[in-house]
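Contents: one structure, followed by commentary.
Nothing in this text is a laboratory measurement; each read-out follows from the coordinates by a stated rule. Since the model is a prediction, treat every value here as computed from it, not as a measurement. Positions of Cβ are generated from backbone atoms using ideal geometry, with glycine treated the same way; all protein chains shown enter the neighbour counts.
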Amino acid sequence: MSSFTPHRPGRRAGRDGFPWLLRAQWATFRSSRGRVLTLAASVLVTVSLGLLIAGGARSTCVTSQGEGPCPAPLVGPDGTAVKDRYYFVHQPLKGNGDITARVSDMTGQMRLPDAVPGVRNVKEGVVPWAKAGLLVRQSLAQGTPYAAVMITGGHGVRMQHNFIHDVAGGPVRGPRWLRLTRSGDTLTGYESGDGRTWTEVGTVTLPGLPETVEIGMFATSPGVLWEMAKAFAQATATFDQIRLRGANGSWRRDDVGVSLGPDGRTPHHPGGVVESGGKLLVTGSGDIGPATVEGGLRADLMLVGGAVGLIPVLVVAVSFVTAERRHRPIGTGPPAGPPPARLLAAKAVVVGAVAFVTGLTASGVVVPAGLALLRANQNPIQPITPGTGLRVIVGYAALTGVAAVLALGLAALVRRGVVAVGLAVGLIVVPYLPATAGLAPWLLMITPAAGFAITQSVPAFAHVDVDRSLLGGYYPLPPWVGLAVTCGYAALALGAAMAVHRGRAPRQVPLPRR
């Protein structure tokens, strides 16, 4: 129990020292059993909701052996879950060489929502990230290193390699000539509008590329995005004026990554190639790129309940200011204590540190426990590096601490507990809820809820279309930028509160118990 001591000459400097003030505020904070129990409730809510989600998740896939657990995600050279399905017309290239071809046209088909129930609605057209172009890869084994220069359905010419790397070229207007050269481990992509004047799109290095590689033309198309799922789509590209230097074998044809239907024999949405009058019409479906959704369940799903778990923390932060005001408001009383602004700063340090530990306890339990539960239920899990896993856990703790400081600053400004709690919840928690379902994701850019981006466990890739919801893994801001937005709000609120109280008389503060 803390108590006030009368002011005595000669003790002012010691009592005004910030370390002493921190000890005094810590003593005040821990003297309230209600605050401690409320923080414990925050941990319980976050962990319980996360484990409830993990325990209820069941991923199943239909294979030639029937319906059963989904296989582990395919992993690319960088350790990221990837998709690697396309139709490839190719031949082996030993040593250096290049391939040149004109892509004179790209068409496609895609399935749209059924206009008549039960009747498939397939229309002509290509999705924005449909791809067709020239490809060099280590082998036909899925997930192996590669480089490609291509045209796309809606993003112009691109140079991509190893699934996650993407460089933009020029826009596509009419037929486009493409060239891909190999010199040792270095591959360079070029584009041209007339086949005479060439512009470099990009150069990549694939360390350890074997002497013999596969080189040729490919086509593929990711599915049409329907909310959180993708429906069938395919692309057909017309290649002509094909020139291959360094190899003179016969063209081979492979539908790389095609899956078999339930009968175990019939390919599911197969690709193909048609040769006519010196032209090759290559048709493919699938994608060569990151598997942001199809690659398995994500670690940050374990923290979906973290938004609700923040509410008790915000209540505690507000009460740390407003409960004391019922006895003696900041800035009143005998001028024997520290300046109110310094007192508020001490409160912010204490409540921020306690909230950080609370968030760290919750995330440190629910993330590894939830992932273990997902694996026990045979769910595929998105690969995650130790560094990313640490950032997710500690990042949620940091968000919790910053959110508590923001709530404390709001409480010091409005001086009404209910109003301050409502403001804090409205700014931090409420914008998160519609964004979970994909509604108004822009709120996670301009409100303190942007800080939830720090928990993102699967990176966002500009060359992959995803459902714009948190459940689909979409955050509009990068992790550290999102947290910085929340920090900015907290600094603004606390700074404004300190400015308001700076001109007020100091007040007495309770001494820590000895």
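Provide the gained length on full extension for the span N121 to D185, in nm with one decimal, where the gain is 0.36 nm per separating residue minus the Cα-Cα distance.
18.5 nm
Taking the Cα centre of the chain as origin, work out the dipole magnitude from +1 charges on Lys and Arg Cβ and -1 charges on Asp and Glu Cβ, in debye rounded to 20.
3220
How about the range 372-479: which chymotrypsin sites (Phe, Trp or Tyr not before Pro) there are in a DSSP loop, with at most 15 other Cβ atoms within 10 Å of their Cβ? Could the numbers behind the result be given before it?
Numbers: sites: Y396, Y432, W442, F452, F461, Y474; in loops: W442, F461, Y474.
Qualifying residues, ordered by number: W442.
Subtracting the Cα-Cα distance from 0.36 nm times the residue separation, let me have the gained length for N96 to L433 in nm, one decimal. Present the calculation step by step, with values, prior to reporting the outcome.
Working: separation 337, 0.36 × 337 = 121.32 nm, distance 5.43 nm.
Length gained, N96 through L433: 115.9 nm.
Please compute the modelled spin-label separation between R416 and F232, points set 7 Å along Cα→Cβ, answer in nm with one decimal.
Inter-label distance under the simple model: 6.0 nm.
Can you give me the long-range amide H partners of V172? Hydrogens built in the peptide plane at 1.01 Å from N, cutoff under 5 Å, separation of 5 or more residues or another chain.
Answer set, sorted by chain and number: G156, V157.
Please list, or write none, the aspartates and glutamates whose alpha carbon is within less than 15 Å of the alpha carbon of K94, excluding same-chain residues fewer than 8 places away.
Here the aspartates and glutamates satisfying the reach criterion relative to K94 are D185, E211, E214.
Given the options G289, W226, G97, identify the residue whose Cα lies farthest towards the positive end of the charge dipole of the range 74-290 (+1 on Cβ of Lys, Arg; -1 on Cβ of Asp, Glu).
Of the candidates, G97 comes out farthest on the positive side.
Which order do the peptides 207-220, 240-253 come out in when sorted by mean C-beta neighbours inside 10 angstrom, highest first?
Numbers: 207-220: 20.1, 240-253: 13.6.
By packing density, highest mean first, the sequence is 207-220, 240-253.
Could you name the lysines in cross-link range of K230, using Cα to Cα under 21 Å and dropping any fewer than eight places away on the same chain?
Partners found: K83, K123, K131.
Pairing rule first: another cysteine's C-beta must sit under 4.7 Å. Under that rule, which cysteines of the chain stay single?
C487
Based on the Cβ-Cβ distance from E67 to V349, what FRET efficiency comes out when R0 is 56 Å, to the nearest 0.05?
Details: r = 55 Å, r/R0 = 0.98.
For R0 = 56 Å, the calculated efficiency reads 0.55.
Taking the Cα-to-Cβ direction at A491 and at T385 and moving 7 Å from each Cα, how far apart do the two end points lie in nm?
Those two pseudo-labels are separated by 2.7 nm.
For Q456, list long-range residues whose amide hydrogen, built 1.01 Å from N in the peptide plane, is under 5 Å from its own amide hydrogen.
Residues meeting the criterion, in which the H sits 1.01 Å from N, do not exist here.
Could you tell me how far the Cα centroid of the range 457-491 sits from the Cα centroid of the range 353-422, in Å?
The distance from the Cα centre of the range 353-422 to that of the range 457-491 comes to 15 Å.
If you add up the charges near G395, with Lys and Arg at +1 and Asp and Glu at -1, over every other residue whose beta carbon is less than 15 angstrom from its beta carbon, what do you get?
Every neighbour counted, the sum reads +1.
Apply the Karplus curve 6.51 cos²θ - 1.76 cosθ + 1.60, θ = phi - 60°, to the phi angles in the range 386-399 and return the couplings in whole Hz, x for Gly and Pro.
3J(HN,Hα) across the range 386-399, in whole Hz: x, x, 5, x, 5, 5, 4, 5, 5, x, 5, 4, 4, 4.
Order the peptides 484-497, 399-412 from the highest to the lowest mean number of other Cβ atoms within 10 Å of their residues.
The peptides rank, most packed first, as 399-412, 484-497.
So, by mean Cβ neighbours within 10 angstrom, what's the order for 292-299, 111-118, 46-53, 173-180 with the highest one leading?
292-299, 46-53, 173-180, 111-118
Would you mind ranking L225, L371 by Cβ crowding within 10 Å, fewest neighbours first?
Numbers: L225 19, L371 22.
With the sparsest Cβ surroundings first, the list reads L225, L371.
How large is ³J(HN,Hα) for each residue in the range 283-292, as worked out from phi by the Karplus curve 6.51 cos²θ - 1.76 cosθ + 1.60 (θ = phi - 60°), to whole Hz, x for Gly and Pro?
With the stated coefficients, the range 283-292 comes to 10, x, 9, x, 5, 10, x, x, 9, 6 Hz.
Using the beta-carbon distance between W198 and T266 and R0 = 41 Å, what value does 1/(1 + (r/R0)^6) give for FRET efficiency, to the nearest 0.05? Walk me through the numbers before you get to the answer.
Values: r = 43 Å, r/R0 = 1.04.
Computed FRET efficiency for W198 and T266 comes out at 0.45.
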